1. Kindly evaluate residue 326 against the criterion of being surrounded by fewer than 21 Cβ atoms within 10 Å (Cβ to Cβ) and either away from the ligand (no atom under 16 Å from the Cβ) or closer than 29 Å to residue 396 by Cα (or both).
2. Out of the residues in segment 177-202 that are more than 16 Å from the ligand (Cβ to nearest atom) and of a type in the set (A, V, I, L, M, F, W, C), which is surrounded by the most Cβ atoms within 10 Å (Cβ to Cβ)?
3. Condition first: closer than 30 Å to residue 170 by Cα, at pLDDT 95 or above and in contact with a His (Cβ under 9 Å, 6 or more places away or on another chain). Can you find one or more residues in segment 298-306 that meet it?
4. If you take the residues in segment 145-168 that are within 15 Å of the ligand (Cβ to nearest atom) and among the polar types (S, T, N, Q), which one is surrounded by the fewest Cβ atoms within 10 Å (Cβ to Cβ)?
5. Just give me the residues in segment 269-292 being in a helix (DSSP H, G or I), closer than 23 Å to residue 167 by Cβ and open to solvent by 40 Å² or more (accessible area, probe 1.4 Å), in sequence order.
6. State whether one or more residues within segment 86-98 are surrounded by fewer than 22 Cβ atoms within 10 Å (Cβ to Cβ), more than 9 Å from the ligand (Cβ to nearest atom) and part of a strand (DSSP E or B).
7. Residues that are acidic (Asp, Glu): find the helices (runs of 4 or more DSSP H) completely inside segment 120-208 holding 1 or more of those.
8. Give me the pairs, please: first residue somewhere in segment 105-122 and more than 9 Å from residue 144 (Cα to Cα), second residue anywhere and hydroxyl-bearing (Ser, Thr, Tyr), beta-carbon distance under 6 Å, and either six or more positions apart or on two chains.
Amino acid sequence: MSNSSKNVKVAIFGLGFVGLPLALSYALRGCEVIGVDVDPHLVDQLNNGITHHLEKYHDIPIQQVLKDMLAAKRFSATLDAGHALKECNNFILTIGIPVTDKGHDFSHVESCSRAVASGLKPGDLVIVRSTLIPGMTRNFVKPILEESGLKAGEDFYLAYSSERIAEGKAFDEFENMPTLVSGINEASLQKAMELMSIVTKAELVPASSFEVVESAKVMENISRDVNIAMVNEFARFTKALGIDIFEVIKVANTHKRVKLLIPGPGVGGYCIPNALHYLAPKADELGVPLKLLRTARKINEEVPAFVASLVTKNLPVPPSKAKVAALGIAMKDYSSDDRQSPALDVIKILLNSGIKVAAFDPAVPSKHAFQVDSLEAAVKDAHGIIVLAKQNGIGYNNFKLFNELMSKVGTPFIVDTKNLYNRDEVEAAGFKLESL
Ligand SMILES: NC(=O)c1ccc[n+]([C@@H]2O[C@H](COP(=O)([O-])OP(=O)(O)OC[C@H]3O[C@@H](n4cnc5c(N)ncnc54)[C@H](O)[C@@H]3O)[C@@H](O)[C@H]2O)c1
């Protein structure tokens, strides 16, 4: 613990997939951290040392880090924003903008900014780390913060720094990922870099405006969306040609300037599917059509329907009499997060076509009606298996169990969206393998 971090008090607003590990990262470096959230159940669980996140600080599970930081009194969670505003001078905002069929939900950013404004003091630092529509720090967050009567850049410091972590690697990436920072003025930029350097040892990259960092963030995510759409399209081609997409990618990537990503059941989570929706409103306002980006998003949105068709074409019985085991429902491998998971989209399509689905994922705490508590319950009487996410604790190769429990009607099949299986082994075990 350095002397510079010992007396630093930080309040983190939003204790989700970003906010909790960020709060603990500051606490681990000796800061006194108050985490603020509006979810009473979450606050209660955190204060009792409970979290479903799967992060690790080096080899220490986040559950242990949380317990240690609570015991050291360097972290506590609260619903009381006023208390955090009174105790601290540094505020980091990690709340999100959910995107639903009804559009963007700005209410979290709005209410959080208003809560901060209600107790903002001269000399305080506010760093926004949420992913925003470019322009929002200046035109949305700043005016709300200034309802405090204080002026950004004059009375309090205001900075925007995009958050680049991937779930599952949060502690490591807070420390080792180069991070972009911008301020309303030079003093805000410097103040933000000072606070961030307590956790971030990698380069802190200053940028000339909020808009540069906000835009870079959404473009980073969209570039992954586009690259994934491209390999999903390549996969449709290689399947039609009768060759293995994963082998094609492996050999193509020996090219020094080519880095193809891998196809899968779709693109999920909070970040990548939403990214286009964070750029599009500003692009519409500016009259920029974003043709390629919209097409890529549509391609990725259509993948779950394709994957579901790989199941239906292998059913030995009509859909209304069929059962399928879905293994893994997280939005990506080794995650507990099923927000906007393509696995759920695939399952929804199968259910809508009348198929009974039993899904097993020991890492995802949600309780969907189709979720079961064991591999046995998932595969019992199933006609086929679909693998939608890799997860520790799922016996993907337990062919003995599958043979014992699965339906004896027709040839049992495995739809593999994760390149988990060896065709010869699967066929030798008596299963048909359907890959991407
Ligand atoms: N999840 C990721 O891997 C990731 C990576 C990079 C960036 N981001 C961005 O970081 C932000 C947070 O993402 P997340 O995945 O942690 O979201 P999350 O939904 O897991 O967490 C957000 C938390 O904010 C809380 N909240 C809502 N309104 C609040 C308020 N007024 N005051 C205090 N708390 C409030 C919610 O209860 C929730 O616990 C988003 O902008 C997201 O796009 C996320």
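The values are calculated or read from the model by the stated rules, or taken from the named source; none is laboratory data. Nothing here was measured: the structure is a model prediction, and the numbers come from that model. We place every Cβ from the backbone using ideal geometry, glycine too, and count neighbours over all the protein chains shown. Side chains are part of the model used for accessible areas, which takes the heavy atoms of the whole protein and leaves out ligands, DNA and RNA. Shrake-Rupley method; radii C 1.70, N 1.55, O 1.52, S 1.80 Å.
1. So residue 326 does not fit the description; no.
2. Of everything passing the filter in segment 177-202, 192 is surrounded by the most Cβ atoms within 10 Å (Cβ to Cβ).
3. Checked against the condition, which is being closer than 30 Å to residue 170 by Cα, at pLDDT 95 or above and in contact with a His (Cβ under 9 Å, 6 or more places away or on another chain), segment 298-306 yields no hits at all.
4. 162
5. 277
6. Looking for residues that are surrounded by fewer than 22 Cβ atoms within 10 Å (Cβ to Cβ), more than 9 Å from the ligand (Cβ to nearest atom) and part of a strand (DSSP E or B), one finds none in segment 86-98, hence no.
7. Fully inside segment 120-208 and qualifying: 170-176, 186-196.
8. Sorted first by the residue in segment 105-122, then by its partner, the pairs are 120/148.
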